Amino acid sequence: MNDTSPRYDATALTRYAAGLLQRAGLAEPLADTVADTLVQGDLLGHDTHGLALLAGYLKELEGGRMTRDGAPLVVSDRPAAVLWDGQRLPGPWLVHQGLDLLVPRARELGTASLVIRRSHHIACLAVYLLRALEEDMLLVLACSDPNTASVAPFGGTRAVFTPNPLALGFPLGNGGVMVDISASITTNGMSNRKHKAGERFDEEWLIDAQGRPSRDPAVLFANPPGTLLPVGGLSHGHKGYGFALLVEALTAGLAGHGRADAPEGWGATVHLTLHDLSAFGGKAAFLRQMDHLAEQCRTNPPADAGRPVRMPGERGLQRRAEQRAGGVRLHPSIAPSLQEAEQRYGLRLADALR
């Protein structure tokens with residue numbers, strides 16, 4: 001993308017995406033939530049996990065692999081700990097429903113957790129962190145997909161894990177912190193995009209099936225396939241390996257459903273925990289500590305004078321504000337990916353241009 005890339009109106013994009021999802025069979029309230037979540041991902045700059053996912057979601061709906069309507073099944077419900085079976089409903093809708101459930105419980109109890117098994121894909125984790133900033137809470141969110149694998153354990157060559165993202169969000173006196181990271185150095189979404197474009201990574205972030213380091217995402221599609229490297233890479237990948245196991249325990253372990261079970265298709269197992277700041281040292285005390293740290297980070301002498309230190313999520317929040325006002329720039333691969341669906345359903349992305 002560059003300064004000449006077209007800009008789209010965020011509200012019109014959301015309406016367009018919701019329209020496609022509804023025409024593919026998704027119930028209107030669910031479609032609205034999913035569409036908004038995808039567009040919010042692009043607003044924040046997470047362009048592999050925004051509308052880049054829409055074509056795939058439509059195919060899942062059309063193929064009957066994403067549930068079109070209904071509600072999660074409550075498997076277990078204690079005041080501060082809940083387990084849902086998502087029944088393969090859309091992940092973004094399930095996560096927002098889960099946050100709606102947890103907010104009042106965290107207000108009352110101080111902390112509340114929800115685990116969701118058998119969710120469909122949940123899109124961009126950073127989007128949900130906005131809720132923590134709005135509610136003056138600390139949110140921990142983790143996700144794994146037990147139905148596939150692309151990351152080998154440290155020292156191994158056969159995939160066991162997915163990138164297993166972990167996200168953390170909390171408010172500051174001005175803005176907030178939004179950490180959205182994965183246990184692998186890069187993601188499946190970025191690898192797929194580069195593979196389709198015939199591009200390589202700048203560094204050796206993958207290994208082939210023999211364990212040889214590679215910059216080429218094509219190794220993931222070889223037979224036998226290679227894998228993504230865990231965070232820490234070839235020398236310190238035990239860190240990402242431990243990170244991946246943490247996410248598996250929070251998701252599949254607590255859900256009682258994961259890689260030991262038969263795969264069902266593209267999906268997710270999800271963990272959410274909300275902490276109410278007022279239930280511990282209090283909001284003022286929390287902000288005093290975290291604002292102090294934020295100031296120490298932002299004023300830290302940069303290694304590169306042209307790249308000052310930022311807080312995680314700071315640029316995403318700035319980009320979100322800029323794009324809501326001036327229009328959203330979409331990755332060039334998104335429009336072509338939606339052409340077939342537009343022909344089937346009679347909607348045009350071009351109608352959302354500013």
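The values are calculated or read from the model by the stated rules, or taken from the named source; none is laboratory data. Just so it is clear, the structure is predicted and the values come from calculations on it, not from any experiment. Backbone-built Cβ (ideal geometry, glycine too); neighbour counts: all protein chains shown. Side chains included, ligands, DNA and RNA excluded: accessible areas come from the protein's heavy atoms. Shrake-Rupley method; radii C 1.70, N 1.55, O 1.52, S 1.80 Å.
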Need the list of lysines near K239 for cross-linking: C-alpha distance under 26 angstrom, and skip anything on the same chain fewer than eight residues off.
K194
Where in the stretch 218-321 are there trypsin sites (Lys or Arg not before Pro) that are in a DSSP coil and have at most 14 other Cβ atoms within 10 angstrom of their Cβ?
R310
The chain - Rg over Rh from alpha carbon coordinates, Kirkwood radius
0.95
Quote the charge dipole size of the stretch 196-270 about the Cα centre in Debye, to the nearest 20; the model charges only the Cβ of Lys and Arg (+1) and of Asp and Glu (-1).
80
Proximal charge balance of Y8 [Cβ under 12 Å; K/R count +1, D/E count -1]
+3
In debye to the nearest 20, how big a dipole does the chain give about its Cα centre with +1 on each Lys and Arg Cβ and -1 on each Asp and Glu Cβ?
280
Round to a whole angstrom and tell me the spacing of the C-alpha centers of the stretch 291-322 and the stretch 156-207.
20
Taking a straight Cα-to-Cα line shorter than 13 Å from K196, and setting aside same-chain aspartates and glutamates fewer than 8 residues away, one finds D216
Selected from G110, G64, G256 as most flexible by GNM, with the chain as the system and alpha-carbon contacts under 10 Å:
G64
Add +1 for every Lys or Arg and -1 for every Asp or Glu among the other residues with Cβ under 15 Å from the Cβ of L254, and state the total.
0
Cut-off 11 Å between beta-carbons: net charge of the residues surrounding C124, Lys and Arg +1, Asp and Glu -1:
-3
Rounded to whole Hz and in sequence order, give me ³J(HN,Hα) for the stretch 208-223 from the Karplus expression 6.51 cos²θ - 1.76 cosθ + 1.60, θ = phi - 60°, writing x for Gly and Pro.
7, 5, 9, x, 7, x, 8, 9, 9, x, 4, 5, 5, 10, 6, 10
Hey, what's the chain come to in accessible area per residue, 1.4 Å probe, Å²?
46
Have a look at A321, G211, A222 and report the one farthest towards the positive end of the charge dipole of the stretch 206-354, computed about the Cα centre with Cβ charges (Lys/Arg +1, Asp/Glu -1).
A321
Charged-residue dipole, Cβ positions (Lys, Arg, Asp, Glu), the stretch 1-155 about Cα centre, Debye nearest 20:
440
Honestly the stretch 197-354 on the Cα gyration tensor test (a ≥ b ≥ c root eigenvalues; a/c under 1.5 rounded, otherwise a/b vs b/c for prolate or oblate) is just rounded
Relative contact order computed over the chain (Cα-Cα under 8 Å; 6+ residues apart), in percent:
24
Using a ≥ b ≥ c from the Cα gyration tensor of the stretch 119-212 (square roots of the eigenvalues), is it rounded, prolate or oblate, where a/c under 1.5 gives rounded and otherwise the larger of a/b and b/c decides, a/b for prolate?
prolate
For the stretch 1-142, max minus min Cα coordinate along each principal axis, in Å, sorted largest first?
50, 34, 21
Run the accessible area of the chain with a 1.4 Å probe and give the carbon-and-sulfur part as a rounded percent.
51
Excluding residues fewer than 8 positions from K283 in its own chain, the aspartates and glutamates with Cα under 18 Å of it are E108, E134, E135, D136, D291, E295
